[in-house]
Amino acid sequence: MDQSGLATFLRRRREALQPDDVGFPPGQRRRTPGLRREEVAALCGMSTDYYSRLERGRGPQPSEQMITAMARGLRLTLDERDHLFVLAGHNAPARAARDDHVDAGMMRIIDRLGDTPAQVVTGTGETIVQTPMAVALLGDETRFTGLARSLIYRWFTDPNERTIYVPDDHPTHSRVYVAHLRAVASREGRGSHAAALAGRLGAESSEFAELWAQHEVGVSHTARKRILHPEVGMISLHCQTLLDPDQGHLLLVFTATPGTEDHDKLRLLSVIGSQRLGASTTTASD
């Protein structure tokens, strides 16, 4: 671990970030360039003390998970992320296994969608980043571990995963997920995570096995998704998808037509989500 090099790199990247780069309001004039340490720590999901010690060259060696979080929080490019791994005394992940790193450009888009449900998902259905509105709409999909990180895996093994969607739409969701996973597994090869996930699901879910045997490809969702929310009821939203071809990530953005009941429900959900966030912040500070 190159403590001095790591400290300098973190400080330079922090100083290069502006509030607008990460979706923060400009606020009052800042005496120092870039973001504050506590702001970067929050973006990385770690304590200010831990981040500050790293930037001062006094911290312990961060784990690979912590490095991934810092790379995302500091909006690093893929090359910068690999450099961060090396400075911290780890081998840079193979480029073929870079699912957890969200492209800096994609993160800038997410930062500007604070009032919109949006999230970044890997090819195997693992949610990496969500806006607060996406959490309010769909729940925290980043909290899962192991195979359950994959929405596709949860869809076929956990009945609770289906409760937020209209039952009439379940067969279509199932066909789309299987066809999508087949495409990813075919593209990435037999030894890929997608292929392993398909094999595991084939053994655990008879529904998945039957659909997999049909060998459907090219099945896709309609642009509209019907979601059953426990507080606002059924809400029908347009789901636009942006693909990052380099990393195979999908950016899902949910919108409603202005002037409709669905749009009103989405605005109400924004208020509910803000109240929840405020309540959780208050509890955490008590």
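Is the C-alpha gyration tensor of segment 100-204 telling us rounded, prolate or oblate? Criteria: a/c under 1.5 is rounded; beyond that, a/b larger than b/c is prolate, otherwise oblate.
oblate
Taking the Cα atoms only, what angle lies between the long axis of helix 261-285 and the longest principal axis of the chain, rounded to 10 degrees?
Rounded to the nearest ten degrees, it is 40.
Using the C-alpha gyration tensor of segment 214-266, what are the square roots of 5 times its eigenvalues, in whole angstrom, with the largest one first?
Equivalent ellipsoid of segment 214-266: 26, 15, 10 Å, largest first.
Tally Lys and Arg at +1 and Asp and Glu at -1 over the other residues with C-beta under 15 Å from the C-beta of Arg200: what net charge comes out? All intermediate terms of the calculation are to be shown ahead of the outcome.
Working: positive: Arg149, Arg154, Arg182, Arg190; negative: Glu126, Asp158, Glu204, Glu207.
Charge balance near Arg200 sits at 0.
Helix 64-73: angle to the longest alpha-carbon principal axis of the chain, degrees 0 to 90, nearest 10?
The angle comes out near 90 degrees.
For Cys239, what is the net charge nearby, where nearby means another residue's Cβ is under 14 Å from its Cβ and Lys, Arg count +1, Asp, Glu -1? Please report the intermediate quantities before stating the final value.
Numbers: positive: Arg224, Lys225, Arg226; negative: Asp169, Asp262.
For residues surrounding Cys239, the net value is +1.
In whole percent, what relative contact order does segment 104-282 give with Cα contacts below 8 Å and a gap of six or more residues?
It rounds to 22 percent for segment 104-282.
Can you check what the net charge comes to around Asp262, using other residues whose Cβ is under 12 Å from the Cβ of Asp262 (Lys, Arg +1; Asp, Glu -1)?
With Lys, Arg at +1 and Asp, Glu at -1, the net is +3.
How far is helix 170-188 tilted, in degrees, relative to the longest principal axis of the Cα atoms in the chain, given as a value from 0 to 90 rounded to the nearest 10?
60 degrees
Identify the trypsin sites (Lys or Arg not before Pro) of segment 142-211 meeting these criteria: DSSP loop state and at most 14 other C-beta atoms within 10 Å of the C-beta.
Arg143, Arg190
We did not get these values from a lab; they are worked out from the coordinates using the rules stated. Here the structure is a predicted model, which is why all the values come from computation and not from measurement. Ideal geometry is used to build each Cβ from the backbone, glycine not excepted, and the neighbour counts take in all protein chains shown.
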